[in-house]
Amino acid sequence: MRPTGKLHLGHYVGALENWVSLQKKYDCYFLISDYQALGDYSEDIGKIRESVIEVALDWLAVGLDPKSTTFIIQSYVPEYAELTMLLSMITPKGMIDRNPTLKSEMERQKNVSVGFYNYPMSQVADILLSKANLVPVGEDQLPHIEMTREVARKFNRIYKDIFPMPEALVGRVPRLVGIDGKAKMSKSLGNCIYLSDSANDVAKKVKKMYTDPTRIRATDPGHIEGNVVFMYLDAFHPDKKELESLKKKYTQGKVGDVEIKELLTKILNDFLEPIRERRAFYTAHPEEIKKALIEGTSRARKVAQETILEVKDAMNITGYENIKKL
């Protein structure tokens, strides 16, 4: 994840929910890509440093266990940058130009830097350096996984079969809309409910949500499709049978918008409460955050050094110290 601010519910359903469930089944590497955040905040490094801590805090709060997984700060492992550069040499520019996520993000950038333009290659290296087999992502990240597979296949064909073909694992909710009904929850659009929001903040944001603009009175038949509140209920309601009954009542005009918003507020706050409690613990014990980041990064560095040596050996760009005569 790029450290560009606090994490929100979209991050949870898109990736973190899977991260938590997979941490006991796989050897998991969770990377904070602070180099990539330079594309957004190259003149505000303080924002990136603050966000690195915020992301780690959110990870711990949702239940990621640094004892059984590996937390990594990208900038502390120079092999990420080295692999990015090496893989860039075999990747055609057109492959990056076709990346839809990069295209959409470049539209909001006035002056795109070379580093920002090349961040898809950095993401490829993020995945391949640890030889990942499975990458839990949101739906919008699928093109990045396919690009990674293409680059890995090309490297294996040209040099040596080193990299596995990573598979994508899309979250239970592929894409969570913002509270304003926009296609994606986004910090830049200000339409997020954050994992760190207070109960009062959640209540205020739910009240702002769109429901059914054609509905004048609570007794009017309501529409489920396109209704933001029901999109969130689909994602977070713990009882699917009860939710189906609620939908039926709504379409029959037997339940009002105020009632469903109050229900959603309760459900979200019930979900977030244990996250808030864990966040409060780690906020009071910052040494635990530091330990998770530094110890994890140290473990990851050893794996990274082994992989980069394999890559350079395969490319035959090592061994110059063994030259004896010309």
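The values are calculated or read from the model by the stated rules, or taken from the named source; none is laboratory data. As the structure is a prediction and not an experimental result, all values here were calculated from the model. FYI the Cβ positions are ideal-geometry reconstructions off the backbone, even for glycines, and counts take in every protein chain you see. Just so you know, the surface numbers come from the protein's heavy atoms only, side chains and all, with ligands and any DNA or RNA stripped out. Shrake-Rupley method; radii C 1.70, N 1.55, O 1.52, S 1.80 Å.
Here is how the numbers come out for the structure above:
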{"item": "Between helix 45-62 and the chain: long-axis angle, C-alpha atoms, 0 to 90°, nearest 10", "result": "60 degrees"}
{"item": "Rounded to the nearest 20 debye, dipole of the chain from Cβ charges on Lys, Arg, Asp, Glu", "result": "320 debye"}
{"item": "1.4 Å probe accessible area per residue over region 85-179, in Å²", "result": "49 Å²"}
{"item": "Accessible solvent surface per residue of region 194-326, calculated while the other protein chains remain in place, 1.4 angstrom probe, Å²", "result": "62 Å²"}
{"item": "Efficiency of FRET from Cβ geometry, Leu326 and Glu43, R₀ 56 Å, rounded to 0.05", "result": "0.70"}
{"item": "Shape category assigned to region 61-178 from the gyration tensor of Cα positions, a/c cut at 1.5", "result": "rounded"}
{"item": "Rounded tilt (10° steps) of 240-251 against the dominant C-alpha axis of the chain", "result": "50 degrees"}
{"item": "Extreme residue, positive dipole direction of the chain, given options Tyr41, Val137, Tyr282 (C-beta unit charges)", "result": "Val137"}
{"item": "Accessible carbon and sulfur surface of region 6-60 relative to its total accessible area, %, 1.4 Å", "result": "47 percent"}
{"item": "Portion, in percent, of the accessible area of region 114-172 that falls on carbon or sulfur, probe 1.4 Å", "result": "53 percent"}
{"item": "Cut-off 12 Å between beta-carbons: net charge of the residues surrounding Glu150, Lys and Arg +1, Asp and Glu -1", "result": "+4"}
{"item": "Stretch gain in nm, segment Lys312-Tyr76, where the contour uses 0.36 nm per residue and the Cα spacing is subtracted", "result": "82.9 nm"}
{"item": "Charge dipole of the chain about the Cα centre (unit charges at C-beta), most positive-ward option of Val229, Leu293, Val202", "result": "Val229"}
{"item": "Cβ charges +1 (Lys, Arg) and -1 (Asp, Glu), total dipole of region 89-190, debye", "result": "120 debye"}
{"item": "Out-of-range pairs (alpha-carbon distance over 31 Å; input Lys67/Lys131; Lys25/Lys302; Lys184/Lys312)", "result": "Lys184/Lys312"}
{"item": "Accessible surface of region 215-326 [probe 1.4 Å, protein heavy atoms]: carbon and sulfur percent", "result": "55 percent"}
{"item": "Region 12-85, dipole about Cα centre (Lys/Arg Cβ +1, Asp/Glu Cβ -1), debye to the nearest 20", "result": "360 debye"}
{"item": "Pairwise label distance in nanometres, Val112 with Arg301, each label 7 Å out on the Cα-Cβ vector", "result": "3.5 nm"}
{"item": "Prolate/oblate/rounded label for region 127-170 (Cα gyration tensor, a/c 1.5)", "result": "prolate"}
{"item": "Considering only the chain, percent of DSSP beta bridges that pair antiparallel, nearest 5", "result": "10 percent"}
{"item": "Ser196 accessible area, 1.4 Å probe, all protein chains in place, Å² to nearest 10", "result": "30 Å²"}
{"item": "Calculated FRET value between Glu242 and Leu134, using beta carbons and R₀ = 22 Å, to 0.05", "result": "0.10"}
{"item": "Using alpha-carbon coordinates, inclination of helix 142-158 to the longest axis of the chain, degrees", "result": "20 degrees"}
{"item": "Charge context of Leu195, other residues only, Cβ under 12 angstrom, K/R +1, D/E -1", "result": "-2"}
